[in-house]
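Student: Once you've had a glance at the structure underneath, I'll fire off some questions.
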Amino acid sequence: MGGLIERKKQRTRRQIGEAALRLFLERGFDQVGVAEIAEAAEVSARTVYNYFPTKAHLVFDDDQAVLDALVTAVRSRKPGESALTAVRGMLANLGGRMGDRRPPQARAAFRRMVTSSPSLRSHQRAIAAGYEAALADVLAEETGAPLGSAEPFVAAVALIG
């Protein structure tokens, strides 16, 4: 569970994220400034940036955890299990966990928010590119292909797609 300081950090992070999401869903991502988020979360703008390096990270705050889970799923899969099966299982588990946190209407509103914002779509694509690159490296290691080879990259793109 962590000590008091860690719990306070987690609470502050959650408070900022919840305030941001509420404002984004009400008015749209591109119409909300970081200063407004800070005010709604009762923190300074600097504190927002201490927890989230960019405004887009307020929306996609789990991207590093997802990346770690993808890499772990592929690296630790059972002998004979395909990377696709491992990724599919990891994503199904992730989707189930996320679905438990948000009702269907909230998930649909979130998707509309992302698709209506060019900056969020761009950020989402950059995240996917990072997933692809990381999985390409794992697949290259496993197959003995040189890093940067086309085959592992194409396979990784297919896995993320």
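The values are calculated or read from the model by the stated rules, or taken from the named source; none is laboratory data. Quantities reported herein were computed from a predicted structural model and do not represent experimental measurements. We place every Cβ from the backbone using ideal geometry, glycine too, and count neighbours over all the protein chains shown. Keep in mind that these areas ignore ligands, DNA and RNA; they rest on the heavy atoms of the full protein, side chains included. Shrake-Rupley method; radii C 1.70, N 1.55, O 1.52, S 1.80 Å.
Student: Is it the case, given these coordinates, that F110 is closer than 24 Å to F29 by Cβ, in contact with a Lys or Arg (Cβ under 8 Å, 6 or more places away or on another chain), surrounded by 14 or more Cβ atoms within 10 Å (Cβ to Cβ) and modelled with pLDDT under 95? First the steps, then the outcome.
Tutor: On the way: closer than 24 Å to F29 by Cβ: yes; in contact with a Lys or Arg (Cβ under 8 Å, 6 or more places away or on another chain): yes; surrounded by 14 or more Cβ atoms within 10 Å (Cβ to Cβ): yes; modelled with pLDDT under 95: yes.
Answer is yes for this residue.
Student: Would you be able to say whether some residue in the stretch 68-89 is at positive phi and surrounded by fewer than 14 Cβ atoms within 10 Å (Cβ to Cβ)? Walk me through how you get there before you give the answer.
Tutor: Going residue by residue through the stretch 68-89, those that are at positive phi are 80.
Next cut, surrounded by fewer than 14 Cβ atoms within 10 Å (Cβ to Cβ) only: 80.
Scanning the stretch 68-89, I find at least one residue that is at positive phi and surrounded by fewer than 14 Cβ atoms within 10 Å (Cβ to Cβ), so the answer is yes.
Student: Which of the residues spanning the stretch 147-157 are open to solvent by less than 90 Å² (accessible area, probe 1.4 Å) and modelled with pLDDT under 95? Please lay out each step first, then the result.
Tutor: Of the residues in the stretch 147-157, the ones open to solvent by less than 90 Å² (accessible area, probe 1.4 Å) are 148-150, 152, 155-157.
Within the stretch 147-157, G148, S149 meet the criteria.
Yes or no, residue by residue, for (1) among the acidic types (D, E); (2) without any contact (Cβ under 8 Å) to a residue 12 or more places away in the chain:
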position: A73; (1), (2): no, no
position: S116; (1), (2): no, no
position: E141; (1), (2): yes, yes
position: L147; (1), (2): no, yes
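Student: Ok, one more. Do we have any residue at all in the stretch 118-135 that's among the hydroxyl-bearing types (S, T, Y), open to solvent by less than 40 Å² (accessible area, probe 1.4 Å) and in a helix (DSSP H, G or I)? Give the steps one after another, and end with the answer.
Tutor: Going through the stretch 118-135, the residues among the hydroxyl-bearing types (S, T, Y) turn out to be 119, 122, 131.
Of the ones still in play, those that are also open to solvent by less than 40 Å² (accessible area, probe 1.4 Å) are 131.
The next check asks that each one be in a helix (DSSP H, G or I); those that pass are 131.
Within the stretch 118-135 (the criterion being among the hydroxyl-bearing types (S, T, Y), open to solvent by less than 40 Å² (accessible area, probe 1.4 Å) and in a helix (DSSP H, G or I)), the answer is yes, since at least one residue qualifies.
Student: While we're looking at this one, here's another question. So R7 clears everything in (1) open to solvent by 60 Å² or more (accessible area, probe 1.4 Å); (2) at pLDDT below 95; (3) within 30 Å of A136 (Cα to Cα); (4) assigned to a helix (DSSP H, G or I) except one condition, right? Which one?
Tutor: (3)
Student: Considering T47, T54, which residue is more than 25 Å from A108 (Cβ to Cβ), touching a residue at least 24 places away in the same chain (Cβ under 8 Å) and either of a type in the set (S, T, N, Q) or surrounded by fewer than 12 Cβ atoms within 10 Å (Cβ to Cβ) (or both)?
Tutor: Being more than 25 Å from A108 (Cβ to Cβ), touching a residue at least 24 places away in the same chain (Cβ under 8 Å) and either of a type in the set (S, T, N, Q) or surrounded by fewer than 12 Cβ atoms within 10 Å (Cβ to Cβ) (or both) holds for just one of T47, T54, which is T47.
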